[in-house]
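Engineer: Next up is a structure, given as structure tokens.
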Amino acid sequence: MTSRTAEERIQFLENQQWSLERQLKDHKDDIYSLKSELQDSVKAQKKKTTPEEIKPIEPIKVDSKIPDHLGKKKLEKLTPNTPHKPKRSLRTMEQDFGKVWFVRLGIISLLTGLVFLSNFAYTNFIVEWGAGPRLAGLYFLAVVLLGLGTYFEKAKAALSNYGKVIAAGGIATLYYASYAAHYVDRLRVIDSPFIGGLLLTASAGMCLTYALWKKSNVTAICSIALAYYSTSINPVGAFSLVSGLLLTLTGLTLLHRLRSVSIGFVSMLGAYLSFIYWQLLVNDGGTDYAYTSWFIIGYWVLSTAAFLIPHKIGAHPFSKTHLLTFASLNNAFLVLLMSLDFQTSDWVDPLWPVSATIGSVFIGIAMFLQYGKKLTSDICKIPFRSSLVSLFLMKGIALITMALCLKLTGPSLALSLTIQAGILLISACRSEGPRKYLLTAASYMVIALGAYIYFSMTSQKLTTNNTYTITHFVMAVLYLGISVIAHFGVSSEDETKPAQRGFPALLSIVATSACVLFSGVPEFGAVIILLSLNIICTLYQHLSGGKNIIPDFCYGSHAFSAIGLMMFIQNLGLLVTGQYFFVTLMLFAATVINLCMFIKDGNQPKQYMAYLVAATISLLLSFGVTESMPVILVFGSLIPLAYHAFYQKFIQHDLRFIAILGFIVYPLIWFACMVSYIGYFFGPHMLVHLIVAFIPLLHILLIQQKTLAPFKSIMPIFTLATASMFAFWQITYVGPWELTLAITACVYHLLDQKENRLLTGIAAALY
């Protein structure tokens, strides 16, 4: 059994133990309640209960099977079989609402009225009283409220909820009186801030002690909320910040002692909201940002410690939803309040250090939660640790990204974001489960943002100088590196075009093309570089086989050839013959490599066809720039022969396209030959025209020998072409051409076969 399996078994069993203990407590309460009702019923009705009327309690079914993985399947709650609760009537709901919320609203109104009544009494009746009597009156009021609340809570069950709220009001009044003893001028009896702080601490301790003694969530929540409220509705000084820290510490201590999530939320929200209220309406932004920031950090540290302190599994008060909500709100308040300067009523300037610092802290917490078990095993006792890691990591990444966007601009920002995307992708490769997908998605969002900034900024200054050459090159390398990382860590080996590595590979191709196009290299040099990049990548793809670490970049490198050919076409008039032939050789090299890949794999796309067409056109253009009719006609007429010879050698590999392209070249050569007859571009060449006239006859012989049997249907075209071109040659270069035509017609008639009358028709035309 591995350590992971053992930890999961222990965690599951502890959850079962906690569930059973909770059910046992509920059953004890039910037994106590049933005993009380039974005693009352016996006294009132004197009715005996027979054994048959007592229904046995069904045993609790506990599933002893251990789930496969706690991170993949949720644990089912173990609850006893209880009957369906009857639907509550509207009247019952109104009564419950009145018992709970009207009482709470009433005590808040009472406390508010007492505060303003004290102000009114001070202004009109007790203006001459000293601070001591006034403070004593507040303490007396607190004791009265606390006593009445305790009495009502114990006296009758119907007044229990009312008594708890009254007691909470007494505790809040006590806390406010201790607070006012130092910082409210009309009630100040303590001049020493240290003694005032001790008294305030003692009052918070009394709140804690009373709530623990009563074990009442209502009392604890109301006392904490009213204490925050009491310190907010009166003009106060900076001591409100200390008061908030003490109340936060008190509330979060009660959170774990009373196992009440509501106490935690009230304590955390009360601290931040009272701080905002104090800054905006009471203090009017008079306190320095550097001073108040320490209190904001204190609130966040206390609230964060509330759920990062290790606990036994099952003893933590937070469920997964409550925990993530609590942590998200706590982090959101930290980021918001640390980014605001209440003195200037504006954002902190500069804001990027705040965002970067908080983001780094969040990422540090995530790393500690993930790998901290190497330092201490207690970290494994933190519930929902994996979810917390994802939460802090994603928030930290977002803040770091925002800091980079605030600090940097242009290509430097794009570089920083791309590096961050690579780090995120590396983290995704080392993660598992949902965190892997979250980090991968975050990585590609960051790389997309960086790419947008990079291309939008550089496109505004696309010049032929080398200003951004290094930037283009570095970005291309970074994108290619991310594609390699994705190849090894994110995408599986059996995928042909995974989007994870295809997207950065495409960006790398674009950045590389921009580096070549706008680096100041001459047009012909840029064409050669682009074609060379394609040849290198394609050759690497062919030789590496299954070990290719940049398959998508290699496959997309055909874009280099497309861009190079576009530049080649745009600059045809500027190139010389040697440059034409050099480009032709490179295109034929690319054709051969792609053709070898096709023959080797058999199921690859036939991208060699595009290279062969481009190479053929480039070769014809190379012949054309020589301005020599013999070269054009002789070597041009050899192209079909070469293609057909290659087809005959590799006919078993389905290379029919090569032979078809050879046939397509014929009309171009015949057109050049016909034009030369009339001397439109070039003068007549007797021997060259004779060679061109008899070249189709060679293909007729190949077709008849079944070497090119699939192309038997176009044999009449070659027959007509040979007869026509040979007749033109005789008319042009032979003196008594009538006699030679008649002799040729006789030969055609003798060579004709019974099943084919084409030669006879040609002979008749020649006669």
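Quick note: the coordinates plus some simple rules give every number you see, no bench work behind them. Computed from a predicted model, the values in this text were never measured in an experiment. Here the Cβ positions follow ideal geometry from the backbone for every residue, glycine too, while neighbour counts run over all protein chains shown.
Engineer: Can you figure out the FRET efficiency of GLU21 with THR325, using R₀ = 35 Å and their beta-carbon distance, to the nearest 0.05?
Structural biologist: 0.85
Engineer: If you don't mind, another one. Quickly rank 295-302, 538-545 as a protection proxy: mean count of other C-beta atoms within 10 Å, highest first.
Structural biologist: Working: 295-302: 19.6, 538-545: 16.1.
The packing order, highest mean first, is 295-302, 538-545.
Engineer: Can you classify segment 324-417 as rounded, prolate or oblate using the Cα gyration tensor, where a ≥ b ≥ c are the square roots of its eigenvalues, rounded means a/c under 1.5, and otherwise it's prolate if a/b beats b/c and oblate if not?
Structural biologist: It is oblate, given that a/c is not under 1.5 and a/b is not larger than b/c.
Engineer: In segment 697-764, which trypsin sites (Lys or Arg not before Pro) are in a loop and have at most 14 other Cβ atoms within 10 Å, using DSSP for the loop call?
Structural biologist: Answer in residue order: LYS706, LYS754, ARG757.
Engineer: Spin-label point model (7 Å from Cα, Cβ direction): what's the LYS373 to LEU690 distance in nm?
Structural biologist: According to this spin-label approximation, the distance is 9.2 nm.
Engineer: Along Cα→Cβ, 7 Å out, is where each label goes; now give me the distance between the ones at HIS749 and ARG430 in nm to one decimal.
Structural biologist: Here the answer is 9.4 nm between the modelled labels.
Engineer: Hey, another quick one. Can you give the extra length, in nm with one decimal, that the chain gains between HIS653 and TRP213 once fully stretched, where that is 0.36 nm per residue apart less the Cα-Cα distance?
Structural biologist: Full extension from HIS653 to TRP213 adds 149.4 nm.
Engineer: Search the structure for amide H atoms under 5 Å from the amide H of LEU340, placed 1.01 Å from N in the peptide plane, and list their residues when 5 or more places away or on another chain.
Structural biologist: Sorted by chain and number, the residues that satisfy this are VAL348.
Engineer: Go through 660-666, 340-346, 552-558, 174-180 and give me the packing order, highest mean Cβ count within 10 Å leading.
Structural biologist: By packing density, highest mean first, the sequence is 174-180, 552-558, 660-666, 340-346.
Engineer: Follow-up question, since we're still on this one. Rank-order 167-173, 596-602, 618-624, 727-733 by packing density, defined as the average count of other C-beta atoms within 10 Å over each peptide's residues, highest first.
Structural biologist: Output ranking for 167-173, 596-602, 618-624, 727-733: 167-173, 618-624, 727-733, 596-602.
Engineer: Hey, what does the equivalent ellipsoid look like for segment 560-675, semi-axes from the Cα gyration tensor as sqrt of 5 times each eigenvalue, largest first, whole Å?
Structural biologist: The equivalent ellipsoid of segment 560-675 has semi-axes of 25, 19, 10 Å.
Engineer: Return the FRET efficiency for the residue pair ASN571, ASP288: r is the Cβ-Cβ distance, R0 is 56 Å, and the value is rounded to the nearest 0.05.
Structural biologist: My answer for the efficiency is 0.25.
Engineer: Oh, and also: For segment 535-645, calculate the relative contact order in percent as a whole number, restricting contacts to Cα pairs under 8 Å that are 6 or more residues apart. Please list the in-between numbers first.
Structural biologist: Working: 72 pairs, mean separation 27.3, N = 111.
In percent, rounded to a whole number, it is 25.
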